[in-house]
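Values quoted throughout were computed directly from the atomic coordinates according to the rules given, and no laboratory measurement underlies them. Note that this is a predicted model, so its numbers are computed, not measured. Here the Cβ positions follow ideal geometry from the backbone for every residue, glycine too, while neighbour counts run over all protein chains shown.
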Amino acid sequence: EVQLVESGGGLVQPGGSLRLSCAASGFTFSSYWMSWVRQAPGKGLEWVANIKEDGREKYYVDSVKGRFTVSRDNAKNSLYLQMDSLRAEDTAVYYCARKVGLGLPFDYWGQGSLVTVSS
Amino acid sequence: DIQLTQSPSFLSASVGDRVTIACRASQDIDSYLAWYQQKPGKAPKLLIYTASTLQSGVPSRFSGSGSGTEFTLTISSLQPEDFATYYCQQLHSYPPGFGGGTKVEIK
């Protein structure tokens, strides 16, 4: 059974940093692109970042470029999102998701991890 | 960036109704469109991809159609468990954005 479990969320002050983790199981992690998608309270879905199977290609939404870094450790079946210079508008539930393939969507999602940026 | 406009943003329907949700892309995305269902407090669930391919395990009352810039998600006979918010997503080019969502509520 495919499972994605996020951790690392919490309350952080504006300008602070947080690192989210996503532990994957039930599939060959190193064979899939992985993604982060977020959802602000009461709002819609926003794609945040993608990372290729080997970690050599990464893509970000403009609003997080230069502040967020996606990475993965295939030996540990884990995906990460390092979030720096956090802003109030980054407050959201962050989901990790498995991407089926090029031009294809996210077929499995984690339960989400809430990040709250507030003083 | 490609913009996706969903309509309506809210609809009220009864069990057994046929429901259609539209998604319009700001430019041609071929068939690179997916549909998700999200219930409160839960992660989104993939329903349909490449505009009309039903994800494994999704009931056949869900169907998708369209290509280019106009797409639709149809629920042939609304069931109690279908009351949720539905999102379209384009996967033609970066960023792979989502539509604003359509909330389907009980009439």
- Task: Quick one: dipole size for chain A, taken about the Cα centre, charges +1 on Lys/Arg Cβ and -1 on Asp/Glu Cβ, in debye to the nearest 20.
- Result: 160 debye
- Message: To make sure I understand the rule: partners must be aspartates and glutamates, Cα under 12 Å from the Cα of A:Lys65, and not fewer than 8 residues away in the same chain. Which ones qualify?
- Response: A:Asp84
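What average count of beta carbons from other chains do you get within 10 Å of the Cβ of residues in B:31-38?
Taking all residues of B:31-38 together, the mean is 3.
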- Would you kindly calculate the translational diffusion coefficient of segment A:70-119, applying Stokes-Einstein with the Kirkwood radius from alpha carbon pairs, for 25 °C and a viscosity of 0.890 mPa s, and quote it in µm² s⁻¹ without decimals? 192 µm²/s
- With the Cα gyration tensor of segment A:1-107 giving a ≥ b ≥ c as the square roots of its eigenvalues, does the rule (a/c under 1.5 for rounded; else a/b larger than b/c for prolate; else oblate) give rounded, prolate or oblate? prolate
- Message: Taking each residue in B:43-55, count the Cβ atoms of any other chain within 10 Å of its Cβ, then average. What number comes out?
- Response: 4
- Message: Taking beta carbons within 10 Å but only from partner chains, what does the mean come to for residues A:103-115?
- Response: 5
- Message: Taking amide H atoms as placed 1.01 Å from N in the peptide plane, list the residues 5 or more away in sequence, or in a different chain, whose amide H sits under 5 Å from that of A:Gly103.
- Response: none
- Check: segment B:1-44 dipole with +1 on Lys, Arg Cβ and -1 on Asp, Glu Cβ, in debye: 280 debye
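Within a 10 angstrom radius of the beta carbon, how do B:Ile2, B:Ile106 rank from fewest other beta carbons to most? Provide the component values of the computation, followed by the final result.
Values: B:Ile2 17, B:Ile106 11.
Arranged by neighbour count, lowest to highest, B:Ile2, B:Ile106 become B:Ile106, B:Ile2.
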- Message: With Kirkwood's inverse mean 1/r over C-alpha pairs for Rh, give me the Rg to Rh ratio of the protein assembly as shown, two decimals please.
- Response: 0.97
- Task: Rank B:Gly100, B:Ser7, B:Ser56 by how far each Cα sits towards the positive end of the charge dipole of chain B (+1 on Lys, Arg Cβ; -1 on Asp, Glu Cβ) and give me just the farthest.
- Result: B:Ser56
- Task: Excluding residues on the same chain fewer than 8 positions from B:Lys39, give the aspartates and glutamates whose Cα lies under 17 Å from its Cα.
- Result: A:Glu46, A:Asp107, B:Glu81, B:Asp82, B:Glu105
